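Contents: one structure, followed by commentary.
The values are calculated or read from the model by the stated rules, or taken from the named source; none is laboratory data. Values in this document were obtained by computation on a predicted structure and should not be read as measured data. Because the Cβ atoms are built from the backbone with ideal geometry, glycine has one as well, and the counts that use them run over all protein chains shown.
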């Protein structure tokens, strides 16, 4: 989304992580996605890709935010919330963990603070979209999709509206296309 927003044209490639193409592992031996390759530049972290793209072009000021608050949101999302999301999405990988406990921990850690922030503004850091919204929303979308009926029953109207707005945005729709699996 940040690449599209910044007007940076790329050739998206869908990768099968079970059958990674040699060109991908050569560019990024880490073997995870996303990987951005432009000439000799290789960036294999989502936030670094966003930061690079917004450094090239940020027409609506996505990066003009309170950096300390942004850092807190990202640390919460990329650390403990990602762990809870994995446990919630893949309960078979964590047979000793109670999924209700995981759901409740995710609510306390992420959804309640989001709801609180979104009660007074349209986005997490104010009334305009920021890079923090764009970085976090895919994880909240994944969380909601695990059990959509259960998510819809939660008492977080502002968070659900925020998620819906991001999902239905022209920007998101423009980048969520299906591509054939890339083969070298």
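If you scan the stretch 64-92, which residues turn out to be surrounded by fewer than 17 Cβ atoms within 10 Å (Cβ to Cβ) and closer than 15 Å to residue 46 by Cβ?
74, 75, 78, 79, 82
Within the stretch 172-182, how many residues are in contact (Cβ under 8 Å) with a residue 60 or more places away in the chain and in contact with a helix residue (DSSP H, G or I) (Cβ under 9 Å, 6 or more places away or on another chain)?
Selection size over the stretch 172-182: 4.
Under 9 Å between Cβ atoms, at least 6 apart or on separate chains: pull out the pairs that start in the stretch 71-83 with a residue that is in contact (Cβ under 8 Å) with a residue 24 or more places away in the chain and in the same structural domain as residue 143 (by TED's automatic domain parsing) and end on any residue that is surrounded by 13 or more Cβ atoms within 10 Å (Cβ to Cβ) and not in a helix (DSSP H, G or I).
Correct list of pairs: 73/124; 73/125.
Please indicate, with yes or no, whether at least one residue in the stretch 149-158 is modelled with pLDDT of 95 or more and closer than 25 Å to residue 6 by Cβ.
Residues of the stretch 149-158 that are modelled with pLDDT of 95 or more, as a first pass: 149-158.
Next, only the ones that are closer than 25 Å to residue 6 by Cβ stay: none.
No: the stretch 149-158 contains no residue that is modelled with pLDDT of 95 or more and closer than 25 Å to residue 6 by Cβ.
Go through the stretch 98-171 and tell me which helices (runs of 4 or more DSSP H), entirely inside it, have 1 or more residues that are surrounded by 14 or more Cβ atoms within 10 Å (Cβ to Cβ) and in contact (Cβ under 8 Å) with a residue 40 or more places away in the chain.
Details: elements: 99-106, 112-118, 131-146, 148-153, 157-167.
Qualifying helices (runs of 4 or more DSSP H): 99-106, 112-118, 131-146, 157-167.
Condition first: in contact with a helix residue (DSSP H, G or I) (Cβ under 9 Å, 6 or more places away or on another chain), surrounded by 12 or more Cβ atoms within 10 Å (Cβ to Cβ) and without any contact (Cβ under 8 Å) to a residue 24 or more places away in the chain. Now tell me which residues in the stretch 1-30 satisfy that.
Once the filter is applied, which keeps residues that are in contact with a helix residue (DSSP H, G or I) (Cβ under 9 Å, 6 or more places away or on another chain), surrounded by 12 or more Cβ atoms within 10 Å (Cβ to Cβ) and without any contact (Cβ under 8 Å) to a residue 24 or more places away in the chain, the stretch 1-30 yields nothing.
Do we find a residue being within 27 Å of residue 146 (Cβ to Cβ) and surrounded by 13 or more Cβ atoms within 10 Å (Cβ to Cβ) anywhere in the stretch 48-59?
Yes; the residues of the stretch 48-59 include at least one that is within 27 Å of residue 146 (Cβ to Cβ) and surrounded by 13 or more Cβ atoms within 10 Å (Cβ to Cβ).
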